[in-house]
1. Can you find a residue in segment 110-127 that is within 14 Å of the ligand (Cβ to nearest atom), under 23 Å from residue 186 (Cβ atoms), of a type in the set (Gly, Ala, Ser) and at pLDDT below 95?
2. When residues of segment 69-88 are filtered for being under 17 Å from residue 164 (Cα atoms) and in a loop (DSSP other than H, G, I, E, B), how many remain?
3. Give segment 94-114 a look and list any residue that's surrounded by 17 or more Cβ atoms within 10 Å (Cβ to Cβ) and either part of a loop (DSSP other than H, G, I, E, B) or touching an Asp or Glu at 6+ places or on another chain (Cβ under 8 Å) (or both), or say none.
4. So is residue 15 within 16 Å of the ligand (Cβ to nearest atom) and among the hydroxyl-bearing types (Ser, Thr, Tyr) or not?
5. Name the single residue, out of those in segment 151-192 being near the ligand (Cβ under 10 Å from one of its atoms) and among the polar types (S, T, N, Q), that is nearest to residue 70 (Cα to Cα).
6. Which of the residues belonging to segment 170-205 are assigned to a loop (DSSP other than H, G, I, E, B), of a type outside the set (D, E, K, R) and more than 22 Å from residue 117 (Cβ to Cβ)?
Amino acid sequence: MRKIILIGGGGHCRSVIDVIEQQGIYEIAGIVDVTSKIGTTVLGYKVIATDKELPLLAKEYKEFCVTIGHTVNRSLRKDIYLLLNGLNVKLPVVKSPHAYVATTASIKTGSVIMHHSIINANARLGESTIANTGCIIEHDVEIGNHCHIGPGSVLNGGCKIEDDCFIGSNSVLLPGTIMQKNSIVAAGSVIRGPVEENSMYAGNPGELKKIKRNG
Ligand SMILES: CC(C)(COP(=O)(O)OP(=O)(O)OC[C@H]1O[C@@H](n2cnc3c(N)ncnc32)[C@H](O)[C@@H]1OP(=O)(O)O)[C@@H](O)C(=O)NCCC(=O)NCCS
């Protein structure tokens, strides 16, 4: 089995552990978290180091997966991913055997495809993006880097999601919706028009709630 190190030992990590166990191709060699968590376990896997020790770990291990979650604030997940990229390690796509990915779809490094998600024909996912449990990413959808498509969300055909976006659980984006970078769609929203950058939309019909968020 290939050894893999996970970075971030919270709730998203527990979900990713289940996906990795179902895949059956990796041995989880340890988890990286904050100093106070060293020596504790996450679903039976030991926290072995902090992120300060990543350069050292990169000499010993080849494959890593960032398991820090991303909702309103995605900066820590992104920063750690970029740091690892600079350390010349492999950040594989982690894909549940219970997901469906069309042969014509493409997924870039560091992304995770959780149980029962569907990535349909000609969909394209960027780096370090989360396609969370049961989401449906329809044909021709394009998603940038560092995005999180929440559980049960439906992105209809031809939607374009720019970098650093978060789509809350059970949201629906109508066909061809354009979501500009660094934006949020709140859980359960139905989005019928464009989502402007650095903004948060919510409701049905989805409307602008906030602008200029950080992180
Ligand atoms: C969007 C979200 C992150 C909240 O962000 P926030 O910046 O804390 O926003 P606030 O709670 O201050 O709400 C701002 C406004 O949006 C509204 N709002 C927030 N979430 C909403 C939702 N899901 N549906 C409708 N309206 C919503 C609030 O009522 C408020 O409206 P108002 O300004 O008219 O009073 C949160 O509501 C949400 O939807 N989280 C998604 C959770 C999820 O799916 N997680 C997946 C984990 S795997």
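The values are calculated or read from the model by the stated rules, or taken from the named source; none is laboratory data. Just so it is clear, the model here is predicted, and its values are computed rather than measured. Ideal geometry is used to build each Cβ from the backbone, glycine not excepted, and the neighbour counts take in all protein chains shown.
1. no
2. Number of matching residues: 6.
3. Passing the criteria: 96, 99, 105, 110, 111, 114.
4. So residue 15 passes the test.
5. The qualifying residue nearest to residue 70 (Cα to Cα) is 169.
6. 180, 182, 193, 194, 198, 203, 204, 205
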